[in-house]
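Working notes, structure below.
The values are calculated or read from the model by the stated rules, or taken from the named source; none is laboratory data. Not measured: the values here are computed from a predicted model. Don't worry about glycine lacking a Cβ; one is built from the backbone with ideal geometry, like all the others, and counts go over all protein chains shown.
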Amino acid sequence: MKKLLLITLLLSFASNAQEFEFDSIVNYNSDKDISKEAEKILASNAVNLYKTNREIQGFVSGKSKRITLLSEEKQENTGLSYVGESEVIASAMYKYEGTQMGCIRVMFINYDISLKFKEDRYKIELSNYNYSHYNNKTSDAVQVYGMKDVGPCRSKNSIEDFINNCKRCKRQKRDLVEYLTKDAKETIKTIASEMDERLNEDDW
């Protein structure tokens, strides 16, 4: 008999310098090897480990061959990064493009998707969001805002520090948070659904 999964979505990001991560705890009842099933899901096409917001807005990098090559190079770093009995981790990435008038040009945002197992439940967690920011025409690494590549607006930083402490780009930061939050919710739901199907699949 198929079991119903109880999913609690806990989004722990807020504007008051909270951690930027997303997680959900799911209860399950199955005799299957949950670590193997999680590995299969993160290694399959069920979860897209490389995404872009290009379909939604903008975009400044459409004619840049250098950015395209850089994107292809960075995609090679996505995929399973750790497989253990109590945890499976995959490295994922966004190519996030800003608009012509915004201070965000092209951001490559790396993050981890992990599934952690404990007794009759598991946790889906998206965390460790870090970005590198590039000029859309030259593909050079550049600060998001300012004359020098230092501080929370620098070219490489954590999303958490950038969102909470970079005092510029308020509208663009808001759009970025909305995009990442929406996609995190969808990713968690997709993984939970795939896990539900695999753990309750009839071997007959």
Number of positions in the stretch 117-156 that are touching a residue at least 40 places away in the same chain (Cβ under 8 Å), of a type in the set (Ser, Thr, Tyr) and part of a loop (DSSP other than H, G, I, E, B): 3
Some residue of the stretch 98-113 being touching a strand residue (DSSP E or B) at 6+ places or on another chain (Cβ under 7 Å), buried (at least 19 other Cβ atoms within 10 Å of the Cβ), farther than 23 Å from Thr187 by Cβ and of a type in the set (Ser, Thr, Tyr): no
Qualifying residue in the stretch 74-86 (condition: among the small types (Gly, Ala, Ser), surrounded by fewer than 19 Cβ atoms within 10 Å (Cβ to Cβ) and part of a loop (DSSP other than H, G, I, E, B)): yes
Subset of the stretch 120-138 [more than 21 Å from Glu21 (Cβ to Cβ) and either among the charged types (D, E, K, R) or within 22 Å of the chain's Cα centre (by Cα) (or both)]: Asp120, Tyr134, Asn135, Asn136, Lys137
Test: residue in the stretch 161-174 that is aromatic (Phe, Trp, Tyr), crowded, with 18+ Cβ neighbours inside 10 Å, modelled with pLDDT of 95 or more and under 16 Å from Asn48 (Cα atoms): no
Tally of residues being aromatic (Phe, Trp, Tyr), surrounded by fewer than 20 Cβ atoms within 10 Å (Cβ to Cβ) and within 30 Å of Asn29 (Cβ to Cβ) across the stretch 114-149: 1
